[in-house]
Amino acid sequence: MFPTHRPRRLRRTESLRQMVRETVLTPNDFIYPLFVQQVGDAPEPIGSMPGQMRHTIDSLLQTVEKTAEAGVKGIILFGIPAHKDDVGTGAYVEDGIIQRAVRAIKERGFPLEVMTDVCLCEYTDHGHCGAIKNGDVDNDPSLELLVRTAVSQARSGADVIAPSDMMDGRIAAIRKGLDEAGFPDLPIMSYAAKYASSYYGPFREAAGSAPGFGDRRSYQMDPANKREALKEVRLDIEEGADIVMVKPALAYLDIINEVKRATDVPVAAYNVSGEYTMIETAAKAGYIDRERVILETLTSIKRAGADIILTYHAPEAARWV
Ligand code: PBG
Ligand code: ZN
């Protein structure tokens with residue numbers, strides 16, 4: 001009791017504060033999401049995500065080099081194909097944009113992990129994450145397309161496969177597909193608890209992947225549910241996920257925390273586009289201290305239980321810490 005206890009004693013100096021600090025960010029914590037576009041010969045700024053680009057392969061290579069120099073240990077790639085169709089062919093063709101980008105990056109041998117997002121929404125003309133039947137995504141036939149995508153990314157040299165589609169049974173299907181194709185050692189980072197969130201808005205504008213009809217609520221999770229997240233995570237681990245992800249991060253810190261307690265695999269959290277853009281626009285207006293808010297946000301996500309954070313602030317934050 002006060003006055004015996006005075007918590008302020010341990011806050012008196014910076015060295016004391018550092019000594020008792022419970023959560024410390026390092027560059028190893030971050031994964032940098034990057035967009036690469038098939039058409040055009042110059043990188044294009046993304047209006048909805050100030051500071052981020054739709055890269056060409058050349059500008060991507062330069063950015064990956066700088067990202068590695070900052071000490072970041074992973075990037076995750078999203079492709080924007082030249083053509084879209086109803087079954088997302090661009091996601092699994094040999095010379096698809098992601099396949100080309102991965103080969104180009106791996107040729108350069110940067111000291112970081114090249115992760116690839118497995119989903120069809122950037123590649124389908126209807127913008128959904130699988131094939132459509134009767135106005136909804138048809139789960140089981142979509143699995144085959146996702147497996148094809150994952151195996152084709154593996155063949156191009158991807159280091160980690162990250163399925164974000166939220167189809168039932170996809171982790172088992174992809175694990176089996178990778179094993180049979182000769183990639184038993186390739187890890188899967190599953191977007192296990194991925195919510196049907198409105199925080200993905202800026203990303204969908206960046207990737208042109210907004211659904212053309214309806215929404216994603218028949219496959220992504222209801223933001224109101226927590227126990228269901230634990231079920232999704234458990235199923236994905238049983239099916240072979242090596243890392244599980246919670247997405248988004250900030251409005252879901254409780255989910256990150258529960259998942260961390262309930263599992264013994266690394267937990268990733270995706271600090272998504274909407275979270276990024278809110279900080280950028282508020283900082284630009286002069287209402288918040290940009291660097292401090294970014295570091296406070298990332299620290300909070302780690303404190304909640306995330307071992308790995310996917311963030312558009314990765315290279316910058318890595319330099320600051
Ligand atoms: C693809 C995918 C999305 C994001 C990552 N992978 C969009 C979506 O599900 O609509 C969102 C990432 C972000 O908002 O930063 N399914
Ligand atoms: Zn998708």
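The values are calculated or read from the model by the stated rules, or taken from the named source; none is laboratory data. No experiment lies behind these values; they were computed from the predicted model shown. Neighbour counts run over all protein chains shown; Cβ positions are idealised from the backbone, glycine included. The protein model used for the area step is the full one, side chains on, heavy atoms only, and it has no ligands, DNA or RNA in it. Shrake-Rupley method; radii C 1.70, N 1.55, O 1.52, S 1.80 Å.
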Suppose only helical runs count, i.e. DSSP H with n ≥ 4. What mean residue ellipticity at 222 nm does that imply for the chain under -39500 (n - 2.57) per run, divided by all residues and rounded to the nearest 500 deg cm²/dmol? -12000 deg cm²/dmol
In sequence order, calculated HN-Hα J values of the range 216-227 (Karplus, 6.51, -1.76, 1.60; Hz; x Gly/Pro): 9, 6, 7, 10, 7, 7, 6, x, 7, 9, 10, 5
Would you please name the chymotrypsin sites (Phe, Trp or Tyr not before Pro) within the range 205-296 that are DSSP coil residues with at most 11 other C-beta atoms within 10 Å of their C-beta? Phe213, Tyr287
Among all stretches of the chain without exposed GluC sites (Glu not before Pro) (DSSP loop, at most 16 other Cβ atoms within 10 Å), which one is longest? 95-321
How long is the gain from Arg17 to Arg108 if the chain were fully straight, where each residue apart is worth 0.36 nm and the alpha carbon distance is subtracted? 28.6 nm
Taking 30 Å as the cut-off for C-alpha to C-alpha distance, list the pairs among Lys106/Lys133; Lys84/Lys194; Lys133/Lys260; Lys73/Lys176; Lys133/Lys176 that go past it. Lys106/Lys133; Lys133/Lys260
Run the simple label-point estimate for Glu94 and Ala42 please: 7 Å along Cα→C-beta, distance reported in nm. 3.4 nm
For a label point 7 Å along the Cα-to-beta-carbon line of Asp58, residues of the range 23-47 with backbone N under 15 Å: 37-44
Give, as a single signed number, the net charge of other residues whose beta carbon lies under 14 Å from the beta carbon of Ala304, with Lys and Arg counted +1 and Asp and Glu -1. -1
When the accessible area of the range 23-320 is computed with all protein chains present and a 1.4 Å probe, what percentage of it is carbon and sulfur? 49 percent
Hull volume per residue for the chain, using the convex hull of the C-alpha atoms, in Å³ is 150 Å³
For the range 1-107, what D do you get in µm² per second when you plug the Kirkwood radius from alpha-carbon pairs into Stokes-Einstein at 10 °C and 1.306 mPa s? 93 µm²/s
Residue-normalised value, i.e. accessible area per residue, for the range 23-320 at 1.4 Å probe, in Å², stands at 41 Å²
In sequence order, calculated HN-Hα J values of the range 286-302 (Karplus, 6.51, -1.76, 1.60; Hz; x Gly/Pro): x, 8, 9, 7, 3, 4, 5, 5, 4, 5, 5, 4, 5, 4, 5, 5, 5
